[in-house]
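One structure below.
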Amino acid sequence: MSHSTLCSQLFEDTTQGKYRRDRPLPADIDDRLAKLSFAGFTGIVTGYDGMLEDLQVAHILAQATRLKFIRALEQVMGIPVSKLNLHCVSNVCFMQLSTHLSFDEGEAYLSPTKEILERVWHAVNNCGLPLGQTTVPPGVATNEAGYVPYDMAIPDGIREYDFVPVVGEAAWCPCRPVVRQDGEEHTVYKAPFEGVNRIPALMLHLNPYFVVMHAYGVLVKDRESPVTIPEHVREQADLIKKIGERIHSVAHTWSVSQAALREKKAAEKTH
């Protein structure tokens, strides 16, 4: 079975499902992730073998994500209300424990390429459509908000991501390297993670929408002291912020509409 065929089977209907915070991860998630990875059962950043190291299944967009942002993502991804499943395989990956902790604490994030980010930016502003399209073609299905399914613009699959440490005293410590294993070889990458210390791009199965939402939260996080990111991902960071702000605007609109609906129902009960 080819890798592309396997990916299409694993991605089939995995993004949609009744959203519940207490839903456990699927029992076969380890096996599915191992099959999606070029390197099998290894951490995406360190490359360390899961049989020897403490690997965890890490969510890209956290399970604790606020409901209004879930609803905003459903809208711009063309998913029906209450159908986004954060346990889908395109929102999880293998990470070594220390990497997972840093990822969850906002000390690092993943960045899509500029080309993918430009496609996402266009999609969130144009009903989920691919570049060059601004009007939904006749007969194309949309969700309640008028967005087409996300894979019309950005199909599921394997694509390139950068792992980005956010370097600073209150984030990824400047003295902390990234150590990657490739077979018997170990390579050490040091801050500022440029030039010979630039961390190689990762080929991952993750959905860019989940990646962008996590990255946006990291980039706008309030910090006690200054932080820096590598020069080669700064243009992408600006795009991530624009996309994140757009999705947050959608979330705010949803929150306001829900508040108005609650007030209307309360008023109806008093009459």
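The values are calculated or read from the model by the stated rules, or taken from the named source; none is laboratory data. The structure displayed is predicted, hence computed values, not measured ones. FYI the Cβ positions are ideal-geometry reconstructions off the backbone, even for glycines, and counts take in every protein chain you see.
List of remarks:
- Qualifying residue in the range 89-96 (condition: in a loop (DSSP other than H, G, I, E, B), in contact (Cβ under 8 Å) with a residue 12 or more places away in the chain, of a type outside the set (Phe, Trp, Tyr) and buried (at least 20 other Cβ atoms within 10 Å of the Cβ)): no
- Residue check for PRO130: surrounded by fewer than 15 Cβ atoms within 10 Å (Cβ to Cβ), in contact with a helix residue (DSSP H, G or I) (Cβ under 8 Å, 6 or more places away or on another chain) and over 30 Å from LYS221 (Cβ atoms): yes
- Strands (runs of 3 or more DSSP E) contained entirely in the range 143-248, each with at least 1 residues that are under 29 Å from ASN85 (Cα atoms), among the charged types (D, E, K, R) and within 23 Å of the chain's Cα centre (by Cα): 159-165
- Selection over the range 243-266 of residues that are touching a helix residue (DSSP H, G or I) at 6+ places or on another chain (Cβ under 6 Å) and closer than 30 Å to ALA170 by Cα gives a count of 5.
- Inter-residue pairs, beta-carbon under 6 Å, first touching a residue at least 12 places away in the same chain (Cβ under 8 Å) and in the range 137-155, second charged (D, E, K, R), 6+ apart: ALA153/ARG119; ILE154/ARG119
- For the range 125-140, the criterion of being assigned to a helix (DSSP H, G or I), over 14 Å from ILE229 (Cα atoms) and within 22 Å of the chain's Cα centre (by Cα) is met by at least one residue.
- Check on GLY78, modelled with pLDDT of 90 or more, touching a helix residue (DSSP H, G or I) at 6+ places or on another chain (Cβ under 9 Å), farther than 29 Å from ILE229 by Cβ and buried (at least 16 other Cβ atoms within 10 Å of the Cβ): yes
- If you go through the range 38-53 and keep only what is over 19 Å from ASN207 (Cβ atoms), in a loop (DSSP other than H, G, I, E, B), of a type outside the set (Gly, Ala, Ser) and modelled with pLDDT under 80, you end up with MET51, LEU52, GLU53.
- Tally of residues being over 14 Å from the mean Cα position of the chain (by Cα) and of a type in the set (S, T, N, Q) across the range 89-106: 4
- Yes/no for LYS264 being over 19 Å from ILE60 (Cα atoms) and either modelled with pLDDT under 95 or in contact with a Phe, Trp or Tyr (Cβ under 8 Å, 6 or more places away or on another chain) (or both): yes
- Filter pass, VAL188 being without any contact (Cβ under 8 Å) to a residue 60 or more places away in the chain and of a type in the set (Val, Ile, Thr): yes
- Here THR142 clears all of (1) out of contact with any helix residue (DSSP H, G or I) (no Cβ under 7 Å at 6 or more places or on another chain); (2) more than 25 Å from ALA251 (Cβ to Cβ) except the condition numbered (2).
- Scoring ALA171 on the criteria (1) farther than 17 Å from LEU101 by Cβ; (2) crowded, with 19+ Cβ neighbours inside 10 Å; (3) small (Gly, Ala, Ser) leaves a single failure, condition (1).
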